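The values are calculated or read from the model by the stated rules, or taken from the named source; none is laboratory data. Only a predicted model underlies this, so the values are computations on that prediction, with no experimental measurement involved. Every residue, glycine as well, gets a Cβ built from its backbone with ideal geometry; the counts of neighbours run over all protein chains shown. We work out accessible area using only protein heavy atoms, side chains counted, and drop any ligands, DNA or RNA first. Shrake-Rupley method; radii C 1.70, N 1.55, O 1.52, S 1.80 Å.
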Amino acid sequence: MTHSYVWHGLMMNSSLVYTQFYNRASDSGFTYFNTRNLMLSQSLFLDKFTFQLNASGASNQDYELYMLEGKVQHSIGKNLHRRRGYQIQQTNGI
């Protein structure tokens, strides 16, 4: 689910995404077998800058993975951008 809106004159976007994989470890070597994922994302668009904050969690019977991520992007020209960001992860299991 995604919602784009203007708040106090600022363009913003909020997203909430849920996914689930219905497979077994023996089906493939895919790490996220039989996993539920939830992600919340918030973006703010300000002139040539885009600020984004993401929080997500993934879990199955073997592990839990949580992530917090922040990014900023500066548009220098039509096809040139500078990006910086950080990511914090915590996992249990595996």
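For the chain, the per residue solvent-accessible surface stands at 76 Å², with DNA, RNA and ligands left out and a 1.4 Å probe.
Apolar share of the accessible surface for the chain: 59 percent from carbon plus sulfur atoms, 1.4 Å probe. Compared with the direct C-alpha span, the chain from MET39 to MET67 gains 9.2 nm at full extension, assuming 0.36 nm per residue.
Each of SER4, GLN89, ASN37 was scored by the projection of its Cα onto the charge dipole of the chain, and the greatest displacement toward the positive side belongs to SER4; charges sit on the C-beta of Lys, Arg, Asp and Glu. Can you give the local net charge around TYR86? Use residues other than it whose beta-carbon is closer than 13 angstrom to its beta-carbon, Lys and Arg +1, Asp and Glu -1. Computed value for this residue: +2.
Taking Cβ atoms as reference points and 14 Å as the exclusive limit, the residues near SER56 contribute a net charge of 0, counting Lys and Arg as +1 and Asp and Glu as -1. Among LEU46, LEU38, LEU80, the largest mean-square fluctuation in a Gaussian network model of the chain (Cα springs under 10 Å) belongs to LEU80.
Towards the positive end of the charge dipole of the chain, with charges on Cβ (+1 Lys, Arg; -1 Asp, Glu), say which of PHE51, SER15, ILE76 has the farthest Cα. Among PHE51, SER15, ILE76, the one farthest towards the positive end of the dipole of the chain is ILE76. The fraction of all Cα pairs in the chain landing in successive 10 Å bins from 0 to the largest distance is 15, 34, 29, 17, 5, 0, given as whole percents. Only Lys, Arg, Asp and Glu count, each charged at its Cβ (+1, +1, -1, -1), so figure out the dipole size of the chain about its Cα centre, rounded to 20 debye. With only Lys, Arg, Asp and Glu charged at Cβ, the dipole is about 440 debye. With springs connecting C-alpha atoms under 10 Å apart, model the chain as a Gaussian network and identify which of THR19, THR35, THR50 has the largest mean-square fluctuation. Highest fluctuation among the options: THR19. Placing pseudo-labels 7 Å out from each Cα toward the beta carbon at GLN20 and ASP47 gives an inter-label distance of 4.6 nm. Along the chain, the exposed loop sites are trypsin sites (Lys or Arg not before Pro) outside DSSP states H, G, I, E and B with at most 12 other Cβ atoms within 10 Å, and the longest stretch free of them is 49-77.
Within the listed set ASN54, ASN34, ASN79, the Gaussian network model of the chain (springs between alpha-carbon atoms below 10 Å) gives the highest mean-square fluctuation for ASN79.
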